[in-house]
Each structure stands twice: as structure tokens, then as C-alpha cells.
Amino acid sequence: MHDIYQDVTDKIIAALDQGVVPWIKPWSSTGSSGPSPQPYPINAITRRPYSGINLPLLWAAAGMQGFSQDRWLTFNQAKKAGGHIRKGERSTLAVLYKPMERQEQDESGRVVLDESGNAKVVRFAILRTHFLFNIEQTEGVESFDEAPTEADSGLSFQANACAEHLLLSSGARIVHQPADMAFYHPTLDFIQLPTKAQFHDESGYYATALHELTHWSGHYSRLQREGITSPSPFGSASYAFEELVAEMGAAFLCAQAGIQGELRHEDYLDFWLALLKADKRAIFRASGQAREASEYVLGLARALDEVADDQASTDDKDAALVMVI
């Protein structure tokens, strides 16, 4: 029986060994069916986005095999779409994650109750592997139209509205200083960044800012992530793990904003390799915490949008009332 955790970890290690950082999207964002960029890899047939551990798995495969599109499908989906997988093409490992729950039982098979007399629930997940092909490995399968990217259109450095919204709506205290340092201070709870003018381009600025914002999400008043609430010394395995969470979280947010991310801490590659080789579940924990962090940041942005929509609706009603009076 295959060990899914080990299989996935081996794929990530293989990518890192070849210099491919699997939590960095290996291409510029392109449109899937219109002008808006598609943030994550999607199923070419259902258009559902992949998430969690499948993001680094699919990004790694794309980077190592030189794919320029982020659309994936199964062998049977290609066949049902009237096409086929080209002869000799190799599939890419992906994971189906199905959360489950059941009532907790004691050794005699009786249901265990909590202090209120309710049945205790045990939550777990079922992992299953399935195999995908990039749409560039197919023939006869209709591809989606591509939309031009900022890089293609020759636009110069400019603010990214989505990324700016994520930073602003978070409420994080961000201080810009003309210094060669970017960090999150968990005790004083603020982010320091160099000035925007110090960065070569907007991608570098936002990748750095969203990296630090991912650290910020772990504060005890927010997600209470151990790497932030109980920080470890620089260079330790725990410190490197939190940096891995921040790298992946920033990559997820960069993808959401249509930004080409970049690796901030090349010096940690050896630490990450050692960590993954020693613990086959480490990449699952890191990607899970990164996903939780990115969803937390995105949730703050959605909440602010809802407040703005409610206020606009109230203003419209007030204006209508004034007109009637």
C-alpha cells in the first residue's frame, strides 16, 4: 500500500533538489475565460480551483516540465471531452482530501459523552491519490482563451489594487522605512518594510509585504500560530518552518492578486529539505497553516467589502428618503 504522505513529500523534495520552489507559481497569471486572472491551478473541465497541498504539487510539476498553462484534467476527463492524452506523457500526482467525522467510542464500543451529555465527535480525513495531466499534454481538448498579462502589455511598475486591498483591509500596522530590512515584530505587532522605491518592481514589493502579512496573521490575537506566539531562535528548525509557512502563504496571496511571487529566503532551502526528509507530514502541516493564514487575510478583505456594501446601501436609502421628503 502506498504511503501518500511520503509520496507527496518525495515530489516536493525532488522539485527542491532541482531548484524548483513548488510554492511559487512558475508562470504569469493568465485569464481562464475573460479578463480576470485565474489565481490557482484549475480543472480544465469543471473549472474548479485546486487548493491545499495540490497547489505546490501542481506548481512544481509545471515548473519542472515547462508548462505555461495552469489547467489540469484526468485521463477520463480528456477522453470525455473528445480528446486524449498524448502518447508517452507522464501524469502528475494530486491528492483528494475528504474531511470525515464519527462518534467517539470507548474500548467496549459505547459512545463517549462530553460533560454536557452530548456524543463526542472525532474528526479525521481520508487521503486518496489521483493523477492529472496538464492541458498541454493533451490533443483534441479545447483550451480556454488566454488574456494578456501586465508583463505582456508592457505596463510599468504600478500598484496592484487587489494586493493593496489585502494589506489595507487587514488592519495591520505597516511602517515603511528607507532601510534594507523587512520583518514582522510579534511583540510590538507591526510590519516594517523598505520603501516601495527601493524595490525593483511591484512583484518584489508585494511578495515581501504579503510574506510579512502571513507572519502577522499568526499573532496570539489572531490565528495563534506557534511559530509566532512561541518564536524560536534564528536558524532553528522551528524558525525555518514558520518561514516556510510565510513563503507559502505569500505565494497563495500573490496568486490571488495575480502577482508573480518570488522566493525571499533562499538560505532556508537546505533547512526545508532537511525538514521534509525527516518528517513526511511537515509539508502538509505547512501548507495547511499557510492556507489558513491566506484565508484569514482574504476573509478580512471580504468582511470590509461587505461593510462597504452595507454602507452604500444605507446611503442609497437615505438619499431616496431625502428625495421623497
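The values are calculated or read from the model by the stated rules, or taken from the named source; none is laboratory data. This one's a predicted model, so the numbers in the text were calculated from it and none came from an experiment. Note that each Cβ is placed from the backbone with ideal geometry, even for glycine, and that neighbours are counted across all protein chains shown.
Being free of Cβ contacts under 8 Å to residues at least 60 places away in the same chain and closer than 15 Å to D270 by Cβ is the filter here; which residues of region 4-25 pass it?
Within region 4-25, A15, Q18, G19 qualify.
Confirm whether E150 is within 22 Å of the chain's Cα centre (by Cα) and modelled with pLDDT under 85.
yes
For region 209-231, which positions are part of a helix (DSSP H, G or I) and either outside the structural domain of E295 (by TED's automatic domain parsing) or closer than 17 Å to L298 by Cα (or both)?
Hits for region 209-231 are A209, L210, H211, E212, L213, T214, H215, W216, S217.
Can you give me the number of residues within region 161-179 that are assigned to a loop (DSSP other than H, G, I, E, B) and touching a residue at least 24 places away in the same chain (Cβ under 8 Å)?
Adding up the residues that qualify gives 2.
Does any residue in region 265-284 that is without any contact (Cβ under 8 Å) to a residue 60 or more places away in the chain come within less than 7 Å, Cβ to Cβ, of a residue that is crowded, with 17+ Cβ neighbours inside 10 Å and assigned to a helix (DSSP H, G or I) six or more places away or on a different chain, and which pairs are these?
H265/E243; H265/E247; Y268/A240; Y268/E243; F271/A240; L275/A240; L275/F241; L275/A282
I'm trying to understand the selection: among the residues of region 103-116, which are surrounded by 11 or more Cβ atoms within 10 Å (Cβ to Cβ) and not hydrophobic (A, V, I, L, M, F, W, C)?
Q103, E104, Q105
Quick one: what pairs do we get from region 190-207, first residue assigned by TED's automatic domain parsing to the domain that holds E164, second modelled with pLDDT under 85 and among the charged types (D, E, K, R), C-beta under 8 Å, 6+ apart or different chains?
Correct list of pairs: P194/D180; Q198/D180; S203/E262; G204/E262; A207/E262; A207/R264.
Let's see how each residue does on (1) buried (at least 22 other Cβ atoms within 10 Å of the Cβ); (2) among the hydrophobic types (A, V, I, L, M, F, W, C); (3) modelled with pLDDT under 95:
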residue: F157; (1), (2), (3): no, yes, yes
residue: L166; (1), (2), (3): yes, yes, no
residue: R173; (1), (2), (3): no, no, yes
residue: D180; (1), (2), (3): no, no, yes
residue: Q198; (1), (2), (3): no, no, yes
residue: E202; (1), (2), (3): no, no, yes
residue: A237; (1), (2), (3): no, yes, yes
residue: D267; (1), (2), (3): no, no, yes
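Any chance region 99-119 includes a residue that's farther than 22 Å from D7 by Cβ and in a helix (DSSP H, G or I)?
No.
Across region 50-71, what is the number of residues that are within 15 Å of V8 (Cα to Cα) and polar (S, T, N, Q)?
Summing the residues that are within 15 Å of V8 (Cα to Cα) and polar (S, T, N, Q) in region 50-71 gives 2.
Please specify each residue of region 182-192 satisfying the condition of being surrounded by fewer than 21 Cβ atoms within 10 Å (Cβ to Cβ) and either out of contact with any Leu (no Cβ under 7 Å at 6 or more places or on another chain) or within 15 Å of L300 (Cβ to Cβ) (or both).
If the condition is that a residue be surrounded by fewer than 21 Cβ atoms within 10 Å (Cβ to Cβ) and either out of contact with any Leu (no Cβ under 7 Å at 6 or more places or on another chain) or within 15 Å of L300 (Cβ to Cβ) (or both), then F183, H185, P186, T187, L188, D189, F190, Q192 are the ones that fit.
Would a scan of region 268-289 turn up a residue that is assigned to a loop (DSSP other than H, G, I, E, B) and in contact with a Phe, Trp or Tyr (Cβ under 9 Å, 6 or more places away or on another chain)?
For region 268-289, residues assigned to a loop (DSSP other than H, G, I, E, B) and in contact with a Phe, Trp or Tyr (Cβ under 9 Å, 6 or more places away or on another chain): present.
Hey, among the residues in region 99-138 that are out of contact with any Ser or Thr (no Cβ under 9 Å at 6 or more places or on another chain) and closer than 22 Å to P49 by Cα, which one's modelled with the highest pLDDT?
Result: T138.
Among the residues of region 42-52, are any modelled with pLDDT under 90 and at negative phi?
Yes, there is a match, as at least one residue in region 42-52 is modelled with pLDDT under 90 and at negative phi.
Of all residues in region 122-141, which are touching a residue at least 40 places away in the same chain (Cβ under 8 Å) and more than 12 Å from Q77 (Cβ to Cβ)?
L127, R128, T129, N134, E136, Q137, E139, G140
Quick check on my filter: what residues within region 180-198 are assigned to a loop (DSSP other than H, G, I, E, B), closer than 21 Å to A257 by Cα and more than 23 Å from the chain's Cα centre (by Cα)?
The answer is P194, T195.
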